[in-house]
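Input: a single structure, listed below in structure tokens.
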Amino acid sequence: MALSTIFLTVFLLALLSLRTYQSEVLSETLPLTPESLNVSINSAHQRLHLQWTIHNLAYHQELKMVFQIQISRFKTSNVIWKESYSTTVKQNQGLHWSWESKLPLECATHFVRVRGKVDDARIPEPKFWSNWSRWEEADAQNSLGPDLLFLFPEDKLVEEGSDVTFCYVSRNHQHNISCYLEAAQIHIDQLDPRVSTFKLKNVSFIRRTGTNIFCEDPGVAMKGTVLFVSKILEEPKDFFCETQDFKNLNCAWDPGSDTTLPKQPSQSYTLFESFSGKKMLCEHRNFCNWQVAQDSQEMYNFTLVAENYLRKRRVSILFNVTHRVHPMSPYNLFFENISATNATVTWKVHAIGNYSTFLCQLELLGEGKVIQQQNVSVKVSGEYLLDDLEPDTRYTARVRCAYANHFWKWSEPISQKFSTSEAAPSEAPDVWRNVRLVSGRPTVTLFWKPLSKSQANGKILFYKVIVENPDKPSKFEGLSIPAPANSTELPLNGSSYQIHVTAHNSVGPSPASVITVSGDPGNREVEEERVNITEDGFSVSWKPQAGAPAGYVVEWCDRPQDLPCDPQWKNLGPNATSTVIDSGAFRPGVRYNFRIYGISTERMAHLLERKTGYIEELAPSDNPRVVTSHLTSHSFTLTWKDYSTESQPGFIQGYYLYLKSKVGEQCLPGFEKTGLTDDSVYCKHRIDNPEQKTFVMENLQPESVYEFLITPYTSAGEGPLGAFTKVTTSSEYSHALVLILLPMIFFILLFTIVCYLKSQWLKEKCYPDIPDPCKSSVLSLIKSKENPHLTIMNVNDCVPDAIEVINKPEGSKIQFVGASKSLTEAEFTKPTYLYLLPTVKNSPGPGPCICFENFTYNQAASGSGSCDPFPITPQVPPGQRGPLTSRGNLLKALEKNYMNSLGEIPSGEASLNYVSQLVSPMSGDKDNLPTNPPEPILCSEYKMQMALPLGLASPPPSENSRLSSTALLDQGEHYR
Amino acid sequence: LSPGAPVSPAEPISQAYSLALYMQKNTSTLLQTYLQCQGSPFSDPGFSAPELQLSSLPPAAVSFKTWHALDDEERLSRAQGAFLALAQHLQLVGDDQSDLNPGSPILLAQLGAARLRAQGLLGNMAAIMTALGLPVPPEEDTLGLVPFGASAFERKCRGYVVTREYGHWTDRAVRDLALLKAKYPG
């Protein structure tokens, strides 16, 4: 009881003392007004720093207080910020608070005041605010220079995505300021007559040298500032630490983007280990090496801190170092005892400590693919026997190791290449044969396919062909053919041969491939069938044959157009009855022939079936050359016998016969109308039989033009619609005409022949020769007996004006009557003129000259110029007179001018030149007339008589024109 | 010849003239490279701000009458003073740009080369003045108190004025030396 009383007393005393203390505080601190308020500006960070004290606190007294802070801009009444700040206050201790201004502080004067209130639970209510402190002014404008324009903030560093407020101060009252960002004008808000502001929102990184913003008052001032926009510092990614030797920990991470700027160095990375308390600044941006402590520390707790001016990022990892062993790459990888199929591989590892074990992975790669993979436990050295290798093959062995106690990561691998040695070829070459007659002798061409790499087991050096005649088993013929030949030709005689073919590499021969060849080509006739086509190729099927126990061979040519073609073949088992033949060489529109052979136990091939087909049929590319025959008035025949249906790009199914049709015209029977691409209308007839290569066009109209075209068709379509051929049917009556005309021609010919043969007889009967009086036999009798000057005709009845007497020596045969007389002969004629009577008028002048011609006497004479109408000058020898060129001209002139002359010319003035019909027997030149008196006329002949008007004178005579014997009575008439 | 007597000025004039011609070929490249590295508006096509001047750098622009009336000493001493100031300013701009544009080695190399050529031309001009018997002005610290606290924008502008005036002064030097070359033929 006493004890409890003591405790109660103590408690009451303590409580009393506390109350006393509280009342002291309350009495001493109220009101606790902030004093000594000091405001400073930090332009770099655009912050206002406030500092004040509370003086009224008792010594060592601590009290929780809350302060209310007001910030005004431009003037005290313009409060822009209110904030409460709670803290514990000590006596005379400076209180600090700062505020970041969005508006650069240089642009505006700020005012700050503070008041406080006790906010301590020990102090009972009521609690009152103290008085406000005095307004304190913060004005950075005082420090500005004398310029007219200022732009803030300067060189500000912000992160991407931030909002930045700029402002400018102009001391030019009449300013007209524009501000630009990357050549774009910025909207400006005016805060004060001298101060304006603009805000850039969500700024982005443009370049490391910063984003330039400038304002200009044209002609007054320009100011600019650079905004440095930093990329946001990223948290390091993929941070890990590992060791290779328990001596060093290699820590690495992905740093992300670099935030280096002129205003900000590259972000720094610091590594802190919490168990050891150690810390290190990393020299590199993405890795750091940490020394492992000697005190066998196994657990590590690393914190990586990335930091730049604006941000700090951190990432931590906790691990056991034995679980983070990343061994070094193994070394000394070698191969031992390499054979065709085996090789031993050995390697070493870098040991860690004395008891470490490694798990090594051995991979065998061939042609870039992993063939084998083995895991081997290794202490220091590893060894493994690789088997099941292919001979003559290049392999790569790759080894990597991991710490076996705790798998963390494989080491970097080490790899080495090796090649196995060769072995004898494992397979016999696939052999086929082709037997044909060369110069009448059977010859076999052997073909074989090159062995695959896995069959050859090395480089094939040559092929050996051994020919064995079963009839003479002891006789072998060996033949070595160097690789890479794949065929050889062997002449045979009539018997059968067994041929062995082996492939040899450096190690030895392959198993032999045996084929039996008969000297008989054995091209027995086998009917050809069409082969089926599937999506995979030609589907060749055949009927199973009892005589093919060793299987079947399908043979074809990839390029049948090449001669001789390189045969392709496919071996099939004895139970096979079909196969699909596919080849990249198959082309549409090419006909492929397949032969199916059965192989006997003696390896003898017998042709069983033949197949043919197209991988894809095409429409014919050419039309047949058509011959037209048997043309009649109603029909003709078309023939295209030389068109081969075999060598076409598809199976010819028949032909289309097109006949051009006129509009509205009916087609012939068997034809149907069809329209073609050129909008023409044709009559079309289909011939379904590809072997029918003739067609008779019937029911045609006589004397009509028919245009036709024959084009073949396959399943893919018809041939080209080329040029049409025109045929005109003959006339209906032409036949009858021929029947009439032919005999007529025959009889006319016969008559002509008969006439020719009997011409002499006819001449005698119809137009016998007119006897020449000069040649009369009577004359010769008279001459010889009585008078040598005797002439046939007496001229007494004529009264001639002039007589032309031609002195013709006896015996001269020259005559002027024959048209056929030659000029040479005519030149010898030299008529003599005898002028008997003078002309009526001697005066020169033109005068009519009339010539009489007795045409009945000798027609030919008129053309010969014997009655020459030309006036002849006395000086000109008669031999120089020209002839009238033709008889026709002469007659024409006579008809016209002669009559005119008679009618127009007065009789007294007319002078007629009479040319005597008597040919003077005189001879000699006219010029000789005065000197050479007329000689006795030996013979007188009739001559043509003409009277020509002189006006009809023809062009001057040529020297050669000496045919005339005309005598002119009035020579003066020739001069004009 | 007495020692110290002026040698023929033709050779140093010719050398200086050749160097000035060579410099003239590169001035526009330097200015364009500089502007391209500063970003907009400096890199905008047709950028020009003739109102920007540096008080520490004498402007090259001069009226033709005034320029033509200069005597040899004035002409050479003005050019000498200008290239002395340019050499120092090019050093300053090089420093500024190695801070602002550390990733532009071409610009930094061109600025360095321009500064060396300006110094080379200074040497040639001193040789001419010696040859002409003119007093060689002492090298002065034309920069004086450099505002190291200049903002990045001010530094960019400063570099622009320096590279621009370097071109103008080189053009003027070519004319100066051509005049002297004609006056003192070899």
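The values are calculated or read from the model by the stated rules, or taken from the named source; none is laboratory data. Note that the structure is a prediction, hence the values are computed from the model and not measured. Here Cβ is always computed from backbone atoms with ideal geometry, including for glycine, and neighbour counts include all displayed protein chains.
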message: Please go through (1) under 20 Å from A:Ala306 (Cβ atoms); (2) surrounded by fewer than 20 Cβ atoms within 10 Å (Cβ to Cβ) for A:Ser276 and return the number of the only condition it doesn't satisfy.
response: (1)
message: Name the residue that is nearest to the other protein chains (Cβ to nearest Cβ), counting only residues in the stretch A:125-167 that are in contact with a Lys or Arg (Cβ under 8 Å, 6 or more places away or on another chain), in a strand (DSSP E or B) and under 30 Å from A:Pro265 (Cβ atoms).
response: A:Leu151
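Step by step: first the residues of the stretch A:204-237, then only those that are assigned to a loop (DSSP other than H, G, I, E, B) and away from every other protein chain (no Cβ under 14 Å), then the one that is nearest to B:Gln38 (Cα to Cα). Which residue is that?
Taking the candidates together, the pick is A:Lys231.
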task: Output the number of the condition that A:Leu63 fails; it satisfies all remaining conditions of (1) in a strand (DSSP E or B); (2) surrounded by fewer than 20 Cβ atoms within 10 Å (Cβ to Cβ); (3) not β-branched (Val, Ile, Thr).
output: (2)
message: Tell me the residue from A:Leu618, A:Leu631, A:Leu638 that is farther than 26 Å from A:Ser704 by Cα and in contact (Cβ under 8 Å) with a residue 24 or more places away in the chain, please.
response: A:Leu618
task: Residue by residue through the stretch A:332-386, note down the ones that are under 24 Å from A:Pro425 (Cα atoms) and in contact with a Pro (Cβ under 9 Å, 6 or more places away or on another chain).
output: A:Ser339, A:Ala340, A:Thr341
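Residue-by-condition table, conditions (1) of a type outside the set (Gly, Ala, Ser); (2) out of contact with any Phe, Trp or Tyr (no Cβ under 9 Å at 6 or more places or on another chain):
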position	(1), (2)
A:Ala605	no, no
A:Tyr614	yes, no
A:Leu618	yes, yes
A:Ser621	no, yes
A:Arg625	yes, no
A:His630	yes, no
A:Ser635	no, yes
A:Ser644	no, yes
- prompt: Going by the structure shown, is A:Tyr682 at pLDDT below 85 and in contact with a Phe, Trp or Tyr (Cβ under 7 Å, 6 or more places away or on another chain)?
  reply: yes
task: Quick one: which residue in A:Ile748, A:Ile710 is in contact with a Pro (Cβ under 8 Å, 6 or more places away or on another chain), among the hydrophobic types (A, V, I, L, M, F, W, C) and at pLDDT 85 or above?
output: A:Ile710
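Residue-by-condition table, conditions (1) in a loop (DSSP other than H, G, I, E, B); (2) closer than 19 Å to A:Arg436 by Cα:
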{"position": "A:Ile533", "(1), (2)": "no, no"}
{"position": "A:Gln561", "(1), (2)": "yes, yes"}
{"position": "A:Ala619", "(1), (2)": "yes, no"}
{"position": "A:Thr628", "(1), (2)": "no, no"}
{"position": "A:Thr632", "(1), (2)": "yes, no"}
- line: Scanning the stretch A:707-735 for residues that are free of Cβ contacts under 8 Å to residues at least 60 places away in the same chain and within 45 Å of the chain's Cα centre (by Cα), the one farthest from A:Leu631 (Cα to Cα) turns out to be A:Ala723
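Going through A:Pro193, A:Pro218 one at a time, which residue ends up being without any contact (Cβ under 8 Å) to a residue 24 or more places away in the chain, out of contact with any strand residue (DSSP E or B) (no Cβ under 7 Å at 6 or more places or on another chain) and not aliphatic (A, V, I, L, M)? So that I can check it myself, show each step before the final result.
On the way: A:Pro218 fails: without any contact (Cβ under 8 Å) to a residue 24 or more places away in the chain.
Selected residue: A:Pro193, the only one of A:Pro193, A:Pro218 that is without any contact (Cβ under 8 Å) to a residue 24 or more places away in the chain, out of contact with any strand residue (DSSP E or B) (no Cβ under 7 Å at 6 or more places or on another chain) and not aliphatic (A, V, I, L, M).
Looking at the stretch A:683-700 only, could you name the residues that are surrounded by 13 or more Cβ atoms within 10 Å (Cβ to Cβ) and assigned to a loop (DSSP other than H, G, I, E, B)? Explain how you work it out, then say what you get.
Going residue by residue through the stretch A:683-700, those that are surrounded by 13 or more Cβ atoms within 10 Å (Cβ to Cβ) are A:683-687, A:690, A:693-695, A:697-698, A:700.
Matches in the stretch A:683-700: A:Pro690, A:Lys693, A:Glu698, A:Leu700.
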The lone exception for A:Asp388 - which of (1) on the phi < 0 side of the Ramachandran plot; (2) without any contact (Cβ under 8 Å) to a residue 60 or more places away in the chain; (3) surrounded by fewer than 20 Cβ atoms within 10 Å (Cβ to Cβ) it fails: (1)
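Of everything in the stretch A:489-512 that's under 48 Å from the mean Cα position of the chain (by Cα) and assigned to a strand (DSSP E or B), which residue is modelled with the lowest pLDDT? Give the derivation first.
So the first thing to find is which residues in the stretch A:489-512 are under 48 Å from the mean Cα position of the chain (by Cα), and the list is A:489-490, A:501-505.
Next, from what is left, pick out any that are assigned to a strand (DSSP E or B): A:489-490, A:501-504.
On the way: A:Glu489: 85, A:Leu490: 82, A:Val501: 91, A:Thr502: 92, A:Ala503: 93, A:His504: 93.
Out of the qualifying residues, it is A:Leu490.
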message: Report every pair of residues separated by at least 6 positions or lying on different chains whose Cβ atoms are under 9 Å apart, first residue within the stretch A:91-103 and in the same structural domain as A:Leu191 (by TED's automatic domain parsing) and over 12 Å from A:Trp81 (Cα atoms), second part of a strand (DSSP E or B) and at pLDDT below 90.
response: none
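Going by the structure shown, is A:Phe671 more than 23 Å from A:Val531 (Cα to Cα), more than 46 Å from the chain's Cα centre (by Cα) and surrounded by 18 or more Cβ atoms within 10 Å (Cβ to Cβ)?
In short, no.
Go over the candidates A:Ala340, A:Ala397 one by one and state the one that is among the small types (Gly, Ala, Ser), within 30 Å of A:Leu461 (Cα to Cα), in a strand (DSSP E or B) and within 53 Å of the chain's Cα centre (by Cα). Walk me through how you get there before you give the answer.
Working: A:Ala340 fails: in a strand (DSSP E or B).
Answer to the selection: A:Ala397.
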message: Name the single residue that is nearest to the other protein chains (Cβ to nearest Cβ) among those in the stretch A:241-263 being surrounded by fewer than 16 Cβ atoms within 10 Å (Cβ to Cβ) and assigned to a strand (DSSP E or B).
response: A:Asp254
Residues of the stretch A:171-190 satisfying the condition of being modelled with pLDDT of 90 or more, surrounded by 14 or more Cβ atoms within 10 Å (Cβ to Cβ) and away from chain B (no Cβ under 14 Å): A:Ile177, A:Ile188
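Which residues, taken from the stretch A:293-334, are assigned to a strand (DSSP E or B) and under 30 Å from A:Val158 (Cβ atoms)? Outline the logic, then answer.
At the first step, the residues of the stretch A:293-334 found to be assigned to a strand (DSSP E or B) are A:299-307, A:312-320, A:325, A:331-334.
The answer is A:Thr303, A:Leu304, A:Val305, A:Ala306, A:Glu307, A:Lys312, A:Arg313, A:Arg314, A:Val315, A:Ser316.
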query: Checking B:Val136 against (1) within 17 Å of the chain's Cα centre (by Cα); (2) surrounded by fewer than 21 Cβ atoms within 10 Å (Cβ to Cβ); (3) of a type outside the set (Ser, Thr, Tyr), which test does it fail?
result: (1)
message: Can you list the helices (runs of 4 or more DSSP H) lying wholly within the stretch B:1-120 that have 3 or more residues being away from chain A (no Cβ under 13 Å) and within 30 Å of A:Cys179 (Cα to Cα)?
response: B:10-38, B:72-100
